[in-house]
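Asks: One structure, as structure tokens, below. Some questions next.
Every number here is computed from the coordinates shown, using simple stated rules; none is lab data. In this text, all values refer to a predicted model and were calculated from it rather than measured experimentally. Cβ placement follows ideal geometry from the backbone for every residue including glycine, while neighbour counts extend to all protein chains displayed.
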Amino acid sequence: MEIYTCKHFKINELVPYDYYEKYKDQEWKLWMMFDDRALITIDLIREFIDIPIIINSQNYHGSKFDLSGVRPENANTGAMFSQHKFGRAFDLKFYSDKWTPEKLRLYMKEIGCFNEGFRNNFNYSFLDLKDYNKKDRLIDYISNKLNIQTIEFIPFMFITRIEWAYYNNPNKEMSWFHLDIGNSISSKIEIIFT
């Protein structure tokens, strides 16, 4: 069986530390925990913003992040049925002069991601990545494969929801970029305030 593995992220960045330690010699089992659309989405965003993204890290600016990718079913972090527990959500942390989580949200707003009908622009039910060469940019491959001329929409095509969390931020700017690709019949990307 062929499975999608990320171009820009190693599996230990996406799973809890103890999962990785237990299955590091059988990484395919860990990759199988994820919805491929979620993995494709984080690769696309990474290519699009062109700066490093942290998901899980044992030491990121003095903080430990272990549950920003997949989470155990019994995790106390997040909601009982969080999309993290199904391999369909990520909390992305990235900061540069060009891109922050807040700047990415504002960009998505500018290009219409939160407008009714946005998600109707994509027919990806037949997206086949079997002939994708990881030496190439994924965003260009998908653009050609689906005949999408406006590539700035592509990184967001699978996202159904983002959370606007601004912990300890007096300006109410996003502290990290939470995305999920959970079940939704909405034609726009939903924003949930937490």
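Asks: List the lysines whose Cα lies under 17 Å from the Cα of residue 22, skipping any in the same chain that are fewer than 8 positions away.
Replies: 10
Asks: Follow-up. Across the chain, where is the longest run that never hits GluC sites (Glu not before Pro) in a DSSP loop with at most 13 other C-beta atoms within 10 Å?
Replies: Excluding the exposed sites themselves, the longest stretch runs over 117-194.
Asks: Moving on. Filter the chain for me: DSSP H helices, axial length by Cα at least 15 angstrom, mean Kyte-Doolittle hydropathy not below -0.5. List them by residue number.
Replies: Answer set is 36-49.
Asks: For the range 11-193, just list the percent of Cα-Cα distances falling in each 5 Å bin from zero outward, please.
Replies: Histogramming the range 11-193 at 5 Å steps yields 1, 7, 16, 20, 21, 17, 11, 5, 1, 0 percent.
Asks: Subtract the Cα-Cα distance of residue 144 and residue 75 from 0.36 nm times their separation in residues, and report this length gain in nm to one decimal.
Replies: 20.8 nm
Asks: Consider a paramagnetic label point 7 Å from the Cα of residue 187 along Cα→Cβ; state which residues of the range 88-126 have an amide N under 18 Å from it.
Replies: 111-125
Asks: Looking at the chain as a GNM with Cα springs under 10 Å, which of 96, 82, 175 has the largest mean-square fluctuation?
Replies: Most flexible of the set in this elastic network: 96.
Asks: So how strong a dipole does the range 1-128 carry about its Cα centre when Lys and Arg Cβ are +1 and Asp and Glu Cβ are -1, to the nearest 20 debye?
Replies: 260 debye
Asks: To make sure I understand the rule: partners must be lysines, Cα under 18 Å from the Cα of residue 188, and not fewer than 8 residues away in the same chain. Which ones qualify?
Replies: Cα-Cα hits under 18 Å: 109.
Asks: Can you show me the helix-derived [θ] at 222 nm for the chain, built from DSSP H runs with n ≥ 4 at -39,500 (n - 2.57) apiece and divided by the number of residues, rounded to the nearest 500.
Replies: -6500 deg cm²/dmol
Asks: Taking the number of other C-beta atoms within 10 Å as the exposure measure, put 33, 157 in order starting with the fewest.
Replies: 33, 157
Asks: List, in the order given, every pair from 29/103; 134/172; 64/103 whose Cα-Cα distance in the structure shown is over 29 Å.
Replies: 29/103; 134/172
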